[in-house]
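The values are calculated or read from the model by the stated rules, or taken from the named source; none is laboratory data. A quick note: this is a predicted structure, and the numbers were derived from the prediction, not measured. Every residue, glycine as well, gets a Cβ built from its backbone with ideal geometry; the counts of neighbours run over all protein chains shown.
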Amino acid sequence: MSKTGKRIFFLLSISIITAGLYLYNPYHLFFLADDFSHIPDSANNVWLQTNALRPVGNLSLHIDYLLSQQHALGYHVTNLLLHIINSFLVGVVVFHFFKKYTTIHSKWFAFITGIFFFVYPFHSEAIFWIIGRSGSLGTVFTLLSFYFFLQQNSWKNIIASCIFFQLALFSYESSWVFPIMVSLILLLNRKEEKTLSKKQIWYISIVWLLLFANILLRISATGELFNHYDAKAFLQFDFLLLAQNFLRLFARTWLPPMYHYQYMQIALLVVFVVMIVLLILLNKKQKLNHFFVTLTFIWLISYLPYLSIGIDTHGVEGERYLYLPSVFFCCWLLYILYNIFTRKIFVSIAFILMIMQLGFIWTARLFYEKAGNITKQTLHEMNMLSYKERIFVENLPQYNKGAVVFRVGLYSAIKWLYPKQNSEVIIVSKDDSDEKPKKNHVKDFTILYSEKSTPKIVSSLMLWNGKQLVQKDTTGILFSPNKDAWFSFSDSSLTIIR
């Protein structure tokens, strides 16, 4: 690369990183949905939450609480730092992984891969939602374990890899695929070395043993391996749904959310055509080798923990499930582009894709920023009306284009952030954003006040049944404007009758 080329490469890299940092900046983000229960539980040392065994994630929230208390900024700074660390680790791991198994020994290729992952746009939930960090936290320790696995020349590295794998297991279930990953790579080793060393045999045995031990520990602690939410399709042997969820996860790895499902199907067909063309070109370059096949399998099996859950194709909900898979997808895609194009064309394509990705990050940020505005302003207004006897809530927001808003967290939010709020909060209804996708996104959210004094009769309300809010009929509750307040939500505003 010439001096001029290096300068351009450096300036483009700095520009992309700076733009990414700006879009990820933690200002104007707030607490959302399950944050309102998980953070106070973690602050109070409740280590077993919602039938999940994630003590490392709980510890991270506990530390954040000690540092930031009830200020959302500090928690979001941590999320951003985790993503920066992962982007750095992606570059480091790619350099050592590719150097060991391919002819790509370039640090600048690893550097580009790290930046590409940093601005990859379809795992936004792990960055913009506080407890969505479980995906990025698990990835930190998975990548560290993978790095030391690649340095298998000493028992010290083997032990370090096992320790980080255990931390990954205590962070998020995405790490459960790690033993399969390293088993595939050791099979790749056998193509070259014919036999496995004693250290490799010991290592793979310990890794699988750790996984099974953690599964038993999870069953012992929670009473089940998977809860109904995590594994409904597995438990019911619904293979059609599992296949559909795989395609959704695969499609959303490549594509942004789309309102029309038909458009997503057409776009996915285009993706398949592009993939076929890329693979044909790669084969012509004689790079469709054992390493590439192994890398492809690693990418695809990384979806396994989420096959029962799937992902939203209309909004950003569930994008945290793509965090670890996106590591291998970025490696997979850039490996192909590097091998079929000249260096100059490869760099040009990579930076064009990164610029496009910045636009998708900006869109996702708007969704989460508005969701935070809704929760923050709603809770503030409720606190200002704490002298009211009751506060009725109509059309309680669930999602904003997939970004969680309140869902079932309103009562927990009031209890945690405004414990002196004395009004009885009655949820009359919730919106249908968890059932019907929105075609357009309205960026603004405003508070409107009404002085209407007409009483209302409430004939049904939402009650918590231990799992979710369900609609129940009542004998008739009278809303009196003199002593009560009424909160009515629309997509762009909250109207308060006070």
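Annotation: of all residues in the range 285-322 being in a loop (DSSP other than H, G, I, E, B) and of a type in the set (Val, Ile, Thr), the one that is nearest to TYR368 (Cα to Cα) is VAL316.
Being surrounded by 15 or more Cβ atoms within 10 Å (Cβ to Cβ) and assigned to a helix (DSSP H, G or I) narrows it down to one residue among LEU269, LEU282; which is it?
Numbers: LEU269 fails: surrounded by 15 or more Cβ atoms within 10 Å (Cβ to Cβ).
The conditions single out LEU282.
Pairs are defined by a Cβ separation below 7 Å, a sequence spacing of at least 6 or placement on different chains, a first member in the range 475-491 that is β-branched (Val, Ile, Thr), and a second member that is assigned to a strand (DSSP E or B); the pairs so defined are ILE477/VAL458.
Would you confirm, using the coordinates I've provided, whether ASP484 is over 24 Å from SER433 (Cα atoms), out of contact with any helix residue (DSSP H, G or I) (no Cβ under 9 Å at 6 or more places or on another chain) and modelled with pLDDT of 90 or more? In short, yes.
Scanning the range 17-39 for residues that are of a type in the set (Gly, Ala, Ser) and assigned to a helix (DSSP H, G or I) yields ALA19, GLY20, SER37.
Matching residues to (1) out of contact with any strand residue (DSSP E or B) (no Cβ under 6 Å at 6 or more places or on another chain); (2) within 30 Å of LEU12 (Cβ to Cβ):
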position: ILE361; (1), (2): yes, yes
position: HIS380; (1), (2): yes, no
position: LYS388; (1), (2): no, no
position: VAL393; (1), (2): no, no
position: TYR399; (1), (2): yes, no
position: TYR418; (1), (2): yes, no
position: ILE427; (1), (2): no, no
position: PRO437; (1), (2): yes, no
position: TYR449; (1), (2): no, no
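Considering (1) part of a helix (DSSP H, G or I); (2) over 23 Å from GLY135 (Cβ atoms), the lone condition that HIS105 does not fulfil carries the number (1).
Given the condition buried (at least 18 other Cβ atoms within 10 Å of the Cβ) and in a loop (DSSP other than H, G, I, E, B), answer yes or no: does some residue in the range 455-478 qualify? Looking for residues that are buried (at least 18 other Cβ atoms within 10 Å of the Cβ) and in a loop (DSSP other than H, G, I, E, B), one finds none in the range 455-478, hence no. The set of residues in the range 438-454 that are part of a strand (DSSP E or B) and free of Cβ contacts under 8 Å to residues at least 60 places away in the same chain comprises THR446, LEU448, TYR449, SER450.
Any idea which of PHE392, PHE406, PHE360 is at pLDDT 95 or above and buried (at least 17 other Cβ atoms within 10 Å of the Cβ)?
Details: PHE392 fails: at pLDDT 95 or above; PHE406 fails: at pLDDT 95 or above.
It is PHE360.
Scan the range 105-115 and tell me whether some residue there is assigned by TED's automatic domain parsing to the domain that holds PHE329, within 19 Å of SER174 (Cβ to Cβ) and out of contact with any Leu (no Cβ under 6 Å at 6 or more places or on another chain). No, the conditions are met nowhere in the range 105-115.
Exactly one residue out of ASN58, ASN86 is surrounded by 15 or more Cβ atoms within 10 Å (Cβ to Cβ), touching a residue at least 60 places away in the same chain (Cβ under 8 Å) and of a type in the set (S, T, N, Q): that is ASN86. Filter the range 285-298 down to the residues that are touching a residue at least 24 places away in the same chain (Cβ under 8 Å) and under 20 Å from SER183 (Cα atoms), then identify the one that is surrounded by the most Cβ atoms within 10 Å (Cβ to Cβ). It comes out as LEU295. Among residues of the range 333-344 that are in the same structural domain as LEU288 (by TED's automatic domain parsing) and crowded, with 21+ Cβ neighbours inside 10 Å, none has a Cβ under 7 angstrom from a residue that is charged (D, E, K, R) and modelled with pLDDT of 95 or more at a sequence gap of 6+ or on a separate chain. Search the range 1-36 for residues being of a type in the set (D, E, K, R) and free of Cβ contacts under 8 Å to residues at least 40 places away in the same chain, and hand back the single one that is farthest from GLN377 (Cα to Cα). Among them, the one singled out is LYS3.
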